[in-house]
Amino acid sequence: LPTKPAKRSAPSSSILAQADALYRHKKFDQAASLLRAAAEARSGSEASKMLRLASAYASVGHNLAKGDSNRSNAPVAVTAYNKAMRADRIAGGAFVSLLRVKLKITAPRAARTAMARRDLIGAKRMADIASSVGAGVKVAAVRSGLERRAGELVAEAKRDTQAGRNALARRRYA
């Protein structure tokens, strides 16, 4: 009875190198698939590392594509590029420079868009992202507007509080 030879899997370092090469050539899905298939033949921390890396590769590919396809919608593009950058750091940082450039271009526009929509939290978040990639000068007007609006909100809250105290006093001592 002939027996099948045992199926040997490639060494992990070889598979990781192949996946990294695919990743660096922007073949994100192929790199992720290679790692997922290799993880099935392994166990423990080795399989876990491959699956985590596969997830990061897929996330970079998905979010990079989402950001690129939503360039006209700057807040969506910035959110996608920012997710891609976080995943790329896990994947080794091959696209950090590219993503920083994309964020440097889109984040200031996203901050201005959010400010125009009176989305103060979104404007702050986008301005912070812009500053983190070196575009802080481009969001100075947004930051100034946020500070001005914060001052207005504080003054309004003080007036409401004062008015509430006066009304309470009138009820108590009338």
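The values are calculated or read from the model by the stated rules, or taken from the named source; none is laboratory data. From a predicted model like this one, the values you see are computed outputs, not experimental measurements. Surface accessibility is based on the protein's heavy atoms, side chains included, excluding ligands, DNA and RNA. Shrake-Rupley method; radii C 1.70, N 1.55, O 1.52, S 1.80 Å.
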Can you give the three extents of the C-alpha atoms in the chain along their principal axes, from longest to shortest, in whole Å? 106, 40, 22
Enumerate the lysines that residue 83 could reach by cross-link, defined here as Cα to Cα under 29 Å, with residues fewer than 8 away along the same chain left out. 26, 27, 49, 66, 102, 104, 124, 138
Using a 1.4 angstrom probe, figure out how much accessible area the chain has per residue, in square angstrom, rounded to the nearest whole. 63 Å²
Rounded to the nearest whole number, the per residue volume of the convex hull around the C-alpha atoms of the stretch 16-114 in Å³ is 81 Å³
For the chain, with all protein chains present and a 1.4 Å probe, just round the carbon and sulfur fraction of the accessible area to a whole percent. 54 percent
